[in-house]
Protein chains: 2
Amino acid sequence: MKTRIVTIILCCFTAFNFAQNDESVLKEVYKTSLTNGKSYEWLEHLSNEIGGRLSGSKNAELAVQYTKAELEKLGLDKVWLQPVMVPKWERGEKEKAFFEIAGFVKEVNICALGGSVATAKDGVSAEVVEVHDFEELAALGKEKIEGKIVFYNRPMQADLISTFNAYGGCVNQRYAGAMEAGKYGAVGVIVRSMNLRQDDYPHTGSMSYGDLPINQRIPSAAISTNGAEKLSEALKQNKELKFYFKQNCKQFEDVQSYNVIGEITGHKFPNEYIIVGGHLDSWDLGDGAHDDGAGVVQSMDVLRLLKKSGIKPKRTIRVVLFMNEENGLRGATKYAEVAKAKNENHIFALESDAGGFTPRGFSFAANSTNFDQVLGWKDLFKPYLIHYFELGGSGADVGPLKTDTNVLAGLRPDSQRYFDHHHAANDTFEHVNKRELELGTATMTALVYLFDKYGVNPISGTKKIKD
Amino acid sequence: MKTRIVTIILCCFTAFNFAQNDESVLKEVYKTSLTNGKSYEWLEHLSNEIGGRLSGSKNAELAVQYTKAELEKLGLDKVWLQPVMVPKWERGEKEKAFFEIAGFVKEVNICALGGSVATAKDGVSAEVVEVHDFEELAALGKEKIEGKIVFYNRPMQADLISTFNAYGGCVNQRYAGAMEAGKYGAVGVIVRSMNLRQDDYPHTGSMSYGDLPINQRIPSAAISTNGAEKLSEALKQNKELKFYFKQNCKQFEDVQSYNVIGEITGHKFPNEYIIVGGHLDSWDLGDGAHDDGAGVVQSMDVLRLLKKSGIKPKRTIRVVLFMNEENGLRGATKYAEVAKAKNENHIFALESDAGGFTPRGFSFAANSTNFDQVLGWKDLFKPYLIHYFELGGSGADVGPLKTDTNVLAGLRPDSQRYFDHHHAANDTFEHVNKRELELGTATMTALVYLFDKYGVNPISGTKKIKD
């Protein structure tokens, strides 16, 4: 009995010490990020000195060079570029669109969707069929669609708390709208922007023709939410109004680009990898400050904060700045291929690609044992108001690294303002708040620290690691 | 044994039904707020059509009229004005400030603090003593202070997660800086703005001379954070540089104003009052959109949402738009006086006065039984990412209503951006996000609904209410 009591006391004491230490490490990490962070300064350069960084563009190349040079200044163990071929699509001259109603010409703001073909040189003009989903489109059929412009006008669902869920419920209009409408002989597609606000910004984003024959590939553009409302209203007055639009975009041959990678080699388990990343490419309309400049600079600063906070990782910690998340995911695919070929054991991968807003927590892809471990850390984050720890998606770029035993995670910042800026001309530096960005960096660093310290739980076939 | 099982099953069933009902009410409340809220439209008017509403100003009067008229449209049981005399202070002509360094004149942005006296007509020019707290000031004493301008330059502490805590650690410089410096014969006071960002906006706010004799009352102004850094840097180069500033503010006689009150009378316990409120006055530099236009329109919409959601309150629910929170708290004092005189039993009072940002939860002033009750509701709020339920302050306006048995609460929105705008010219409508504002309204409505349904726990001397 005596022995048991002593054991219990010792256990409590150990647990207490251990929690105390993690608490003080997290405190130091948050303090360093908020008083001596570098993410905001990097983001200023990436946004204002470089700007929009679509894959294959000159700016994307500049971003590769800049971030590599900045990582090299941090005294990491290794910094390198990982070659990857990426698609190159250019918007060309600014788009133009209008319709006539009651003798007045109403100009509306549109932008070509990424990957769309151009219109004919003189543009396209046709009657408009407004639909809200593919079922409605199919019900109308070739008879009612042929020769028309299809206008997808299903708004994002405002009563969903996660704006990402609202996005998920709408984005098929943008991604597959032209593919579906092309089958029925439509001559163009106009899609309501993925935006919960009423404003004048059109929001671009990727679209695909799938394996549609070339002659069914029709130009596809996004219209601002205000423009969508105006057009819908006008169609109620005159179903036969003609909509005109012109866009000048073009797809080129693939070009050489790179993932940018930096590494602190683990001193105890160098062959266990933890990565933290965001994507270096962005859409071309804004500066890509939130999507995903924020994730890029936060990820870079995670490694810097680990060093600044005097943490010497047991495992190898990498920052990976992925190229081409927006319209191809080539960088992520390449990184995962190389990791697999080299048999690198990626035990944990964290992505920040949901904007530089106040962090609320993480969503995880993990087995139940590993998720339970994460939940055990939740209280450590309470002083920083980090409360969201849920199973769910992680991130497009880290997704290909999933195994049965590892853990993937995505930082989950407050999502309310994200789609005000997403893929639009107002995704710019001044809409990122320094403290919110830095809190995200600290939150990411804290989780990386914990995974480095405690590892993950391997399942059958893998030796249990004790440390 | 059989009976016990039946009882347990019945209890479970009842508990389940009851929770289900609250869940569906909250869902309806959030949905209505996000799809059919009115707070944003009201805020647009209050900010852009009326603007800054300092107590005693024409705009404050317009805000009283406007909100009363809007409340009257809601079909409440009663809407009225509660008279209260308020102070009237005017800024007058825009302030001016500069210093000379190395032959260059550097203009800096300042603004008079609310309640300050003016400078002499030609302004004041003097050497500057930079200090960081009152201890440093006292150590310098009359010898080093007399005839000088005291420059308080203690920044807000960036590593505190709650920016309100950082504010709390600095604001004595603004409130009492002139009172303290006046004692040592200083001729003016310049205070670093309460702002965590580096920018060019000076932030005003209330200050007091206490019972200092008139001849020791010196002009007091805030300088922008960029200005503070420039001045501090220049003082390192030249300790004898002269700082000039001029301000033209004036205190007038008190004037008549009003709290605006609307009420849905309770159908079961009309003599139990639940109030929800914000303050109608604001500082004069911006439009008072966050401080506290947001709290005003959210509080108004709480009553509207209750009606829209088909909730018929058992208790009397009042919206109270308090006048003069910023520089006197006269409205709050008056409301509490009248409530006491009429022996009105205020069981719960909720204030929103921390900006229209994404809500994170509430802080409560409550006894442990009542707080336990609140904690029992916490899970209902989880789908809306409302996680912060802590004991702490409530709000300046509801504070005077505290009793041993009632509950006071303050809405706690994300605080990271609040002090970017607080009391400055950029506290304007475009910095309020519609969804963030509406989520706040829904969160407030949900809590009011729960307090109305379940009441609070009275202690000894009061009959336990069963409902």
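The values are calculated or read from the model by the stated rules, or taken from the named source; none is laboratory data. Nothing here was measured: the structure is a model prediction, and the numbers come from that model. Backbone-built Cβ (ideal geometry, glycine too); neighbour counts: all protein chains shown. The protein model used for the area step is the full one, side chains on, heavy atoms only, and it has no ligands, DNA or RNA in it. Shrake-Rupley method; radii C 1.70, N 1.55, O 1.52, S 1.80 Å.
Of all residues in segment A:24-50, exactly one satisfies the criterion of being among the aromatic types (Phe, Trp, Tyr) and more than 14 Å from chain B (Cβ to nearest Cβ), namely A:Trp42. Considering the conditions (1) modelled with pLDDT under 95; (2) hydrophobic (A, V, I, L, M, F, W, C); (3) surrounded by 11 or more Cβ atoms within 10 Å (Cβ to Cβ), B:Ile8 is excluded by exactly one of them, (3).
Among what's in segment A:99-111 and is out of contact with any Pro (no Cβ under 7 Å at 6 or more places or on another chain) and buried (at least 18 other Cβ atoms within 10 Å of the Cβ), pick the residue that is nearest to A:Leu285 (Cα to Cα). Per the criteria, the residue is A:Val108. Only one entry of B:Pro413, B:Pro400 meets the criterion of being touching a helix residue (DSSP H, G or I) at 6+ places or on another chain (Cβ under 7 Å) and surrounded by fewer than 21 Cβ atoms within 10 Å (Cβ to Cβ), and that entry is B:Pro400. If you filter segment A:181-200 down to residues that are in contact with a strand residue (DSSP E or B) (Cβ under 9 Å, 6 or more places away or on another chain) and open to solvent by 40 Å² or more (accessible area, probe 1.4 Å), you find that the one that is nearest to the other protein chains (Cβ to nearest Cβ) is A:Tyr184.
Could you tell me whether segment A:383-391 includes any residue that is touching a Leu at 6+ places or on another chain (Cβ under 9 Å) and either of a type in the set (A, V, I, L, M) or more than 14 Å from chain B (Cβ to nearest Cβ) (or both)? Yes, segment A:383-391 has at least one match. Number of residues in segment B:18-67 that are farther than 26 Å from B:Ala446 by Cβ and of a type in the set (Lys, Arg) equals 2. Search segment B:396-429 for residues being under 15 Å from the mean Cα position of the chain (by Cα) and either on the phi > 0 side of the Ramachandran plot or β-branched (Val, Ile, Thr) (or both), and hand back the single one that is nearest to the other protein chains (Cβ to nearest Cβ). If we take residues in segment B:396-429 being under 15 Å from the mean Cα position of the chain (by Cα) and either on the phi > 0 side of the Ramachandran plot or β-branched (Val, Ile, Thr) (or both), then B:His423 is nearest to the other protein chains (Cβ to nearest Cβ). Where helices (runs of 4 or more DSSP H) fall entirely within segment B:267-379, those with at least 2 residues that are closer than 30 Å to B:Asn59 by Cα are at B:294-308, B:330-341.
Residues in segment B:252-266 that are part of a loop (DSSP other than H, G, I, E, B) and among the polar types (S, T, N, Q): B:Thr265 alone. Could you please let me know if A:Val25 is of a type outside the set (Asp, Glu), open to solvent by less than 60 Å² (accessible area, probe 1.4 Å), over 25 Å from A:Asp291 (Cβ atoms) and modelled with pLDDT of 95 or more? So A:Val25 passes the test. Would you check if A:Lys340 is free of Cβ contacts under 8 Å to residues at least 40 places away in the same chain, out of contact with any helix residue (DSSP H, G or I) (no Cβ under 7 Å at 6 or more places or on another chain) and within 14 Å of another protein chain (Cβ to nearest Cβ)? Against the criterion (free of Cβ contacts under 8 Å to residues at least 40 places away in the same chain, out of contact with any helix residue (DSSP H, G or I) (no Cβ under 7 Å at 6 or more places or on another chain) and within 14 Å of another protein chain (Cβ to nearest Cβ)), A:Lys340 does not qualify. The conditions are (1) polar (S, T, N, Q); (2) open to solvent by 40 Å² or more (accessible area, probe 1.4 Å); (3) within 14 Å of chain B (Cβ to nearest Cβ), and A:Ser363 fails exactly one of them. Which is it? For A:Ser363, the failing item is (2). Within segment A:116-139, being surrounded by fewer than 22 Cβ atoms within 10 Å (Cβ to Cβ) and in contact with a Pro (Cβ under 8 Å, 6 or more places away or on another chain) holds for A:Val117, A:Ala118, A:Val124. For segment A:243-262, state whether one or more residues are open to solvent by 50 Å² or more (accessible area, probe 1.4 Å) and touching a Leu at 6+ places or on another chain (Cβ under 6 Å). Yes: one or more hits. When restricted to residues that are farther than 21 Å from A:Tyr175 by Cα and either basic (Lys, Arg) or assigned by TED's automatic domain parsing to the domain that holds A:Phe419 (or both), segment A:185-241 contains 3. Can B:Gly227 be described as in a loop (DSSP other than H, G, I, E, B), out of contact with any helix residue (DSSP H, G or I) (no Cβ under 6 Å at 6 or more places or on another chain) and either of a type in the set (Ser, Thr, Tyr) or open to solvent by less than 20 Å² (accessible area, probe 1.4 Å) (or both)? Here the answer is no, as B:Gly227 does not meet what is asked.
So is B:Gly147 outside the structural domain of B:Gly56 (by TED's automatic domain parsing), within 30 Å of B:Glu253 (Cα to Cα) and at pLDDT 95 or above or not? It is false that B:Gly147 is outside the structural domain of B:Gly56 (by TED's automatic domain parsing), within 30 Å of B:Glu253 (Cα to Cα) and at pLDDT 95 or above. The single condition among (1) closer than 21 Å to A:Phe151 by Cβ; (2) at pLDDT 95 or above; (3) touching a Gly at 6+ places or on another chain (Cβ under 6 Å); (4) open to solvent by 30 Å² or more (accessible area, probe 1.4 Å) that A:Met207 does not meet is (4).
Looking across segment A:430-451 at every residue that is of a type in the set (D, E, K, R) and open to solvent by 10 Å² or more (accessible area, probe 1.4 Å), the one that is farthest from the other protein chains (Cβ to nearest Cβ) is identified as A:Glu430. Checking each residue in segment A:380-416 for being in a loop (DSSP other than H, G, I, E, B) and closer than 20 Å to B:Pro383 by Cβ picks out A:Leu385, A:Ile386, A:His387, A:Gly392, A:Gly393, A:Asp414, A:Ser415, A:Gln416.
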